[in-house]
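All remarks here apply to the structure that follows.
The values are calculated or read from the model by the stated rules, or taken from the named source; none is laboratory data. Keep in mind the model is a prediction, meaning the values are calculated, not measured. Here the Cβ is made from the backbone with ideal geometry for all residues, glycine too, and neighbour counts use every protein chain on show. Areas reflect the complete protein model, heavy atoms only, side chains present, ligands, DNA and RNA absent. Shrake-Rupley method; radii C 1.70, N 1.55, O 1.52, S 1.80 Å.
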Amino acid sequence: MEELVNQLAQRVGINPDQARTVMAVVSKTLLQKAEPGKAQGLMSKLPDSITGMFSDSEKQEFTTTRQDVSNEEVIQRIDREAGINDKNKSQRAVEESVKILQDKTGESDLLGSVMGGFKKMFGG
């Protein structure tokens, strides 16, 4: 996971601790928002260092229930938990972390199919 964290920190201009928080929040959100079957497949492709962050009950929930988490909620959570305090930068951090996870998992359209359109939200 450290390699992914460092990539994200460099791309967005945040520190590694912030990037680690972003990666954790985005990974969890992707799994929550994915259809249960897709979440199962995605979990099998994510690095163990990411899936290891989730409890067995969370993993079970990902593979049985799809949750509707709004993109705005994700941005606010990252802003707050990572201490970025800049919605546009938090949005960029989410987008970049999804791109990194897409590359890592080989899932080509996580941003569009699972996360939906951030561009519409902030006009980015």
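Every residue in the stretch 74-89 that is touching a residue at least 60 places away in the same chain (Cβ under 8 Å) and not in a helix (DSSP H, G or I), please.
Answer for the stretch 74-89, where residues must be touching a residue at least 60 places away in the same chain (Cβ under 8 Å) and not in a helix (DSSP H, G or I): Gly83, Ile84.
Mind counting the residues in the stretch 2-20 that are surrounded by fewer than 18 Cβ atoms within 10 Å (Cβ to Cβ) and not in a helix (DSSP H, G or I)?
Total meeting the criteria: 2.
Return the pairs, sorted by first residue and then second, in which the second residue is open to solvent by less than 80 Å² (accessible area, probe 1.4 Å) and among the hydroxyl-bearing types (Ser, Thr, Tyr), the first residue lies in the stretch 37-57 and is more than 13 Å from Gln102 (Cα to Cα), the beta carbons are less than 6 Å apart, and the residues are 6+ apart or on different chains.
Pairs found: Ala39/Thr63; Gln40/Thr63; Ile50/Ser27.
Give the stretch 31-47 a look and list any residue that's part of a helix (DSSP H, G or I), of a type outside the set (A, V, I, L, M, F, W, C), more than 21 Å from Arg92 (Cα to Cα) and open to solvent by less than 50 Å² (accessible area, probe 1.4 Å), or say none.
Those that are part of a helix (DSSP H, G or I), of a type outside the set (A, V, I, L, M, F, W, C), more than 21 Å from Arg92 (Cα to Cα) and open to solvent by less than 50 Å² (accessible area, probe 1.4 Å): Pro36, Gly41.
Condition check ((1) touching a Pro at 6+ places or on another chain (Cβ under 9 Å); (2) open to solvent by 70 Å² or more (accessible area, probe 1.4 Å); (3) in a helix (DSSP H, G or I)) across all residues:
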position	(1), (2), (3)
Val22	no, no, yes
Val26	no, no, yes
Thr29	no, no, yes
Phe54	no, no, no
Glu72	no, yes, yes
Gln91	no, no, yes
